[in-house]
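What follows draws every value from the coordinates through simple rules; no lab data is involved. Keep in mind the model is a prediction, meaning the values are calculated, not measured. Cβ coordinates were reconstructed from backbone atoms using ideal geometry, including for glycine residues, and neighbour counts include every protein chain displayed.
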Amino acid sequence: MSLENELKSLIIAELKLVDIKAEDINDDQPLFGEGLGLDSLDAVELVVLLQRHYKIETKDLEQSKEVFASVRSLANYIRAQQDRK
Amino acid sequence: MSVSSDSMANAPNPPNYGNRAGFAIFHLLIRALGPIPAYLLLAFIVPYYLLLRTGARLSASFYLRHRFPGLGGVRLFMTTAYYIYQFGKVLIDQAAMGILKKERFTIDVRGGEVLQRLSKEKRGIVLLTTHAGNWQAAMANMNRIEKRVHLLFNLAGIEGRHFFDLAGQRDRFHFIPPGGFLGGMVEATNALNAGEVVAIMGDRAFGAKTIEMEFLGEKAPFPMMPYYLVAATGANLVVLLTVRTGALSFSVEARCISGEEDWTQMPREAAVKALMGRYVACLEEYVEKYPYMWFNFFDFWKTDSKYKVTMRDKEGV
């Protein structure tokens, strides 16, 4: 399974998204606001998810905006962080 | 779950007590003669607010009518006068914090050992502050915490209303703007995951997601984010309450209300409501004991449905 699909499944499961399947989420679809419709509560869950599943933090605010833009940007960030380790 | 903005733009505008020139006069007085003459000058200014600034009287009445139900006429007028005078004295003390030497202040911290113990734990701490007494005094004396402290506060608003707040203390803190990306939640969650401290106002919901809780006999919207952060990260939850005990004298109480429960394993909504209930109980106990020390000059009980949250059933992870 690609990292993008793994992330989609994790997001659906841990954020308790209903009536939505992994294949319904486009890799480049915005996660917050108009896209998938996530909000600041979901942001908390996403940060916890990244830390628990991938041991990754996003401390820089400017960086966070880019990282949390879409599933693809999240996956790219995880790969980059894992390569650094 | 309903999706709403995390912006602070819709905050109501409480009346401005004082203006730039007025603050300058008080600051000069404090610098030259200390706080006592400033309290005396204040006693002459309070009647002006009561008689000529009806907005000030109205803004104070929202809380006073809940705290003292049935009070009316002359008794309400006198109670409002005393309440505004107490608030003015706290503003003078706040200004003095930035002007006078630290040695002139007396601050008694109860529960300091709790903070020391918790700051040695790997878990983060959500520090719940309240517009009670002089919360700046509490924050300025948090040297018992051996962790980095992030303040999820609207600093611009604080500076605009109270000059010199936290003067000389700002370097110790990192401010997270609540109007920033996702309400500062990414930064706050990361800080807690790293075992650091995030301080949030427990009694100011402007623009934040809220849940209604019974407070002084009527449902009032309380911000849910502090409790959500505890439920998601497993951080400790500490309530800080301050009381003004005299001229430049304060008492600060730190109380850990998260207990021994593992909140991360509970459904989020149940955890948030239980933790919020504990905070509201602390707040009710406080205003019962110190009725003239809680300062929220707006209709605290008015709910903006835009920010009311219907939570998805977020189970523990």
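Would you tally the net charge around B:ALA274, using a Cβ to Cβ cut-off of less than 12 Å, leaving B:ALA274 out, and scoring K and R as +1, D and E as -1?
+1
Specify whether the C-alpha gyration tensor of the protein assembly as shown places it in the rounded, prolate or oblate class, a ≥ b ≥ c being the square roots of the eigenvalues: rounded for a/c under 1.5, otherwise prolate if a/b is larger than b/c and oblate if not.
Taking the square roots of the gyration eigenvalues as a ≥ b ≥ c, the protein assembly as shown is prolate.
By how many nm would the segment from B:GLU146 to B:LEU52 grow when fully extended, if each residue of separation counts as 0.36 nm and the alpha-carbon distance is taken off?
29.1 nm
For the protein assembly as shown, what is the charge dipole size about the Cα centre, in debye to the nearest 20, if Lys and Arg each add +1 at the Cβ and Asp and Glu each add -1 at the Cβ?
Roughly 1600 debye for the protein assembly as shown.
Evaluate the charge dipole of region B:104-307 about its Cα centre and quote only its size in Debye, nearest 20, assuming +1 on the Cβ of each Lys and Arg and -1 on the Cβ of each Asp and Glu.
With only Lys, Arg, Asp and Glu charged at Cβ, the dipole is about 420 debye.
Modelling each spin label as a point 7 Å along the Cα-to-Cβ direction, I'd like the A:LEU3/A:LYS65 distance in nm, to one decimal.
Between A:LEU3 and A:LYS65, the label points sit 2.3 nm apart.
Kindly put B:MET185, B:MET201, B:MET276 in sequence by how many other C-beta atoms sit within 10 Å of each C-beta, fewest to most.
Fewest-to-most Cβ neighbours within 10 Å comes out as B:MET201, B:MET276, B:MET185.
At 0.36 nm per residue, and after removing the present C-alpha to C-alpha distance, how many nm does the segment from B:PHE44 to B:SER249 gain when stretched out fully?
71.6 nm
Report the local net charge at B:ALA220: Lys and Arg +1, Asp and Glu -1, summed over other residues whose C-beta lies under 10 Å from its C-beta.
That sum, taken over residues with Cβ under 10 Å, equals -3.
Calculate one ³J(HN,Hα) per residue across region B:95-108 by plugging θ = phi - 60° into the Karplus curve 6.51 cos²θ - 1.76 cosθ + 1.60, and present them in order as whole Hz with x for glycine and proline.
5, 4, 4, x, 10, 8, 6, 4, 5, 7, 9, 10, 10, 9
What's the local net charge at B:GLY34, with K and R +1, D and E -1, over the other residues with C-beta under 12 Å away?
Counting the neighbours of B:GLY34, the net charge comes to +2.
Mind scanning A:LYS65/B:LYS273; B:LYS122/B:LYS209; B:LYS219/B:LYS273 and naming the pairs with a C-alpha gap bigger than 18 Å?
Where the Cα-Cα span goes over 18 Å, the pairs concerned are A:LYS65/B:LYS273; B:LYS122/B:LYS209.
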